[in-house]
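*Asks:* Structure below; questions to follow.
The values are calculated or read from the model by the stated rules, or taken from the named source; none is laboratory data. Quantities reported herein were computed from a predicted structural model and do not represent experimental measurements. Glycine gets a Cβ as well: all are built from the backbone with ideal geometry, and neighbour counts include every protein chain shown. For the accessible areas, the whole protein counts, side chains as well, though only heavy atoms, and no ligand, DNA or RNA atoms are used. Shrake-Rupley method; radii C 1.70, N 1.55, O 1.52, S 1.80 Å.
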Amino acid sequence: MKSRRLLSIIILVLFCNSLTAQNNPDEVSILFYNVENLFDVIDNPDTEDDNYTPQGDLHWTSKKLDNKVLNISKVVLSASGWNVPVIVGLCEIENQFVLDKLVKDTPLKSIPYKIIHKESPDHRGIDVAMLYNATHFYPLEYQYHPLINDKNEIIKTREILYVKGILNELDTVHIFINHWPSRFSGLLETKEQRKIAAQTLHAKVYELVAKSYKPKIIILGDFNDNPTDESILETLKAMPVNNNIVSSELYNLSANWLSQETGTLKYQSQWYFFDQVIVSGSLLMAKSGYKTSVTNATKADLQFLLEKDEKYGGIKPKRTYYGYSYNGGFSDHLPVLLKLIRIN
């Protein structure tokens with residue numbers, strides 16, 4: 001077993017080195033992944049992370065953490081073939097420590113990934129973050145935007161991360177990484193919080209549109225709503241791609257996934273499409289720099305991320321835990337991928 005694990009690590013390192021050498025500026029890959037509960041093993045008294053300690057109900061240990069970050073590195077390296085992602089948006093990250101571990105203690109250490117991260121006000125202590133390959137992306141600025149309710153109070157959930165930067169010294173892009181409030185307490189009970197998230201993001205997007213000339217905007221995240229739900233379609237106004245693209249509008253490249261048999265996560269027998277890729281019309285209509293199209297946004301449903309669903313039939317994401325039972329898998333979500341193509 002140990003020799004097989006060692007061989008797997010060696011193969012990943014060699015694969016990673018070859019990817020670094022072959023990264024192609026004519027095609028830029030951007031990945032988003034909800035990694036599901038990437039916690040350290042230390043109890044934080046200010047957050048609800050008690051289960052993720054050696055003494056907690058899940059018996060979370062350093063060995064399990066090491067396996068988790070190795071698994072995540074495998075996803076990052078495999079998701080877009082030979083062209084390793086230049087940008088990786090992540091959510092359900094506890095802190096800087098686990099991010100450092102991911103980029104320094106796995107085969108990702110062969111890639112010059114830098115980290116953008118800030119502690120969020122989330123009651124569980126989970127955050128959104130971004131990794132970027134410093135050879136290909138130069139961040140100009142970043143901000144975290146909290147969600148604020150009608151009483152002018154900050155909601156104890158994840159903030160929206162905004163990053164502006166330059167790709168391959170050629171083009172400026174604006175990226176928003178999201179992890180909207182979950183449905184855990186009930187769909188109707190939490191609907192208003194996702195509406196606030198959509199309103200917050202919509203306002204920030206159109207601030208950009210107002211002050212910049214045709215900004216190229218990329219929105220990634222786990223929205224805890226489908227592309228056809230009110231928060232996405234009506235509040236954020238992210239519509240399916242049509243024949244009448246407007247540069248200042250938002251287009252949901254994930255909307256056409258709804259006809260597929262599998263989504264990005266599964267609850268009991270039902271698949272959902274909570275993880276999505278949304279872009280501005282200016283990125284679809286670009287005449288210089290980078291552009292994209294609806295066919296360049298995909299689910300990264302790699303075979304090793306899935307397993308047979310013995311209870312409900314078909315397949316399901318291979319998770320780290322099922323209830324309190326350790327499964328040694330990856331996440332309850334599948335990653336999503338966007339490819340940008342260089343025009344000139």
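*Asks:* Please list 3J(HN,Hα) in residue order for the range 155-169, calculated via the Karplus relation 6.51 cos²θ - 1.76 cosθ + 1.60 where θ = phi - 60°; whole Hz, with x for glycine and proline.
*Replies:* 6, 7, 8, 6, 7, 9, 8, 10, 10, 10, x, 10, 8, 6, 6
*Asks:* Considering only protein heavy atoms, what per residue accessible area in square angstrom results for the range 79-200 with a 1.4 angstrom probe? Could the numbers behind the result be given before it?
*Replies:* Numbers: 5160 Å² over 122 residues.
On a per-residue basis, the range 79-200 sits at 42 Å².
*Asks:* Under the classification rounded if a/c is under 1.5, otherwise prolate if a/b is larger than b/c and oblate if not, where does the range 35-129 fall, given a ≥ b ≥ c as square roots of the Cα gyration tensor eigenvalues? Intermediate results must be reported in sequence, preceding the final value.
*Replies:* Numbers: a/c = 2.38, a/b = 1.62, b/c = 1.47.
Since a/c reaches 1.5 and a/b is larger than b/c, the shape of the range 35-129 is classed as prolate.
*Asks:* Over the chain, with every protein chain in place, what whole percent of the accessible area is carbon and sulfur at 1.4 Å, could you tell me?
*Replies:* Working: 7990 of 15640 Å².
Answer for the chain: carbon and sulfur cover 51 percent of the accessible area.
*Asks:* Right, another one. Return the distance in nm (one decimal) between the two label points of a simple spin-label model at residue 214 and residue 285, each offset 7 Å from Cα along Cα→Cβ.
*Replies:* Roughly 0.7 nm, to one decimal.
*Asks:* Compare the Cα positions of 111, 186, 51 along the charge dipole of the chain (+1 at Cβ of Lys, Arg; -1 at Cβ of Asp, Glu; about the Cα centre) and return the one farthest towards the positive end.
*Replies:* Toward the positive end, the furthest listed residue is 111.
*Asks:* Oh, and also: Do me a favour and compute the ellipsoid semi-axes for the range 158-314 from its Cα gyration tensor, root of five times each eigenvalue, largest one first, whole Å. Intermediate values should be presented prior to the final figure.
*Replies:* Numbers: eigenvalues 157, 73, 38 Å².
Semi-axes, largest first: 28, 19, 14 Å.
*Asks:* Per 20 Å bin from zero, what fraction in whole % of the C-alpha pairs of the chain is there, up to the bin with the longest pair?
*Replies:* 31, 61, 8
*Asks:* Near residue 151, which lysines are there with a Cα under 16 Å away, not counting those fewer than 8 places off in the same chain?
*Replies:* Cross-link targets: 195.
*Asks:* Dividing the Cα convex hull volume of the range 120-186 by residue count, how many Å³ per residue is that?
*Replies:* Working: hull volume 7.0 nm³, N = 67.
Given the Cα convex hull of the range 120-186, per-residue volume reads 104 Å³.
*Asks:* If you wrap the range 96-232's Cα atoms in a convex hull and average its projection over all directions, what's the area in nm²?
*Replies:* Details: hull surface 39.0 nm².
For the Cα atoms of the range 96-232, the hull's average projected area reads 9.7 nm².
*Asks:* Then there is this: Pulled fully out, how much extra length does the chain show between residue 310 and residue 248, if you take 0.36 nm times their separation in residues and subtract their Cα-Cα distance?
*Replies:* Details: separation 62, 0.36 × 62 = 22.32 nm, distance 4.59 nm.
Gain in length upon complete extension: 17.7 nm.
*Asks:* Taking 7 Å along the Cα-to-C-beta vector as the label spot, tell me the residue 192-residue 140 distance in nanometres, rounded to one decimal.
*Replies:* So the two model labels end up 3.8 nm from each other.
*Asks:* A further question follows. In whole angstrom, note down how far apart the Cα centers of the range 34-99 and the range 259-318 are.
*Replies:* Taking the Cα centre of each part, the range 34-99 and the range 259-318 sit 21 Å apart.
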